[in-house]
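The values are calculated or read from the model by the stated rules, or taken from the named source; none is laboratory data. Nothing here was measured: the structure is a model prediction, and the numbers come from that model. Here the Cβ positions follow ideal geometry from the backbone for every residue, glycine too, while neighbour counts run over all protein chains shown.
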Amino acid sequence: MEAKAVLRQVRISPRKMRIIANLVRGRRVDDAMAMLKSTPKRSGEVIRKLLLSAVANAEHKGQTDVDSLIVRGCSIDNGPIIKRWMARAMGRANRIQRRTSNVTVIVGQAE
């Protein structure tokens, strides 16, 4: 039985989020939590909170052993791009793209 948690439109680019997501994918939940807590990246805190939510969802579903959960999947998808303009020399403007991420964490029992 699996449980998941989804967070949409996080104001961190997907490329930066995937670095941390690759660290925790396939690990036990307690190992992943310890790793995320000691990570200096801002995306580590976001994924850690989402992992806590996925574990709470698994507990609410009635899974018997929450301690034996592993991170089945952690996918980072592109969210909507926020477009801004920056003034440049001689009356010109450059477009700034602020990328967002959609994060999905899936936890399940170890087989």
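Without any contact (Cβ under 8 Å) to a residue 60 or more places away in the chain, aliphatic (A, V, I, L, M) and surrounded by fewer than 17 Cβ atoms within 10 Å (Cβ to Cβ): which single residue out of 69, 52 fits that description?
The unique qualifying residue is 52.
Go through region 39-52 and give me each residue that's over 16 Å from residue 103 (Cβ atoms) and in contact with a helix residue (DSSP H, G or I) (Cβ under 8 Å, 6 or more places away or on another chain).
Correct list: empty.
In the list 34, 110, which residue meets the criterion of being surrounded by fewer than 18 Cβ atoms within 10 Å (Cβ to Cβ) and over 18 Å from residue 1 (Cα atoms)?
Sole residue among the options that is surrounded by fewer than 18 Cβ atoms within 10 Å (Cβ to Cβ) and over 18 Å from residue 1 (Cα atoms): 34.
Being at pLDDT below 95 and hydrophobic (A, V, I, L, M, F, W, C) is the filter; apply it to region 1-22 and report the residue that is surrounded by the fewest Cβ atoms within 10 Å (Cβ to Cβ).
Of everything passing the filter in region 1-22, 1 is surrounded by the fewest Cβ atoms within 10 Å (Cβ to Cβ).
Out of all the residues in region 31-51, which are within 15 Å of residue 104 (Cβ to Cβ) and of a type in the set (Val, Ile, Thr)?
Listed by number, the residues that qualify are 46, 47.
Answer yes or no: is there a residue in region 87-100 that is crowded, with 16+ Cβ neighbours inside 10 Å, of a type outside the set (D, E, K, R) and either within 18 Å of residue 4 (Cβ to Cβ) or touching a residue at least 24 places away in the same chain (Cβ under 8 Å) (or both).
Yes, there is a match, as at least one residue in region 87-100 is crowded, with 16+ Cβ neighbours inside 10 Å, of a type outside the set (D, E, K, R) and either within 18 Å of residue 4 (Cβ to Cβ) or touching a residue at least 24 places away in the same chain (Cβ under 8 Å) (or both).
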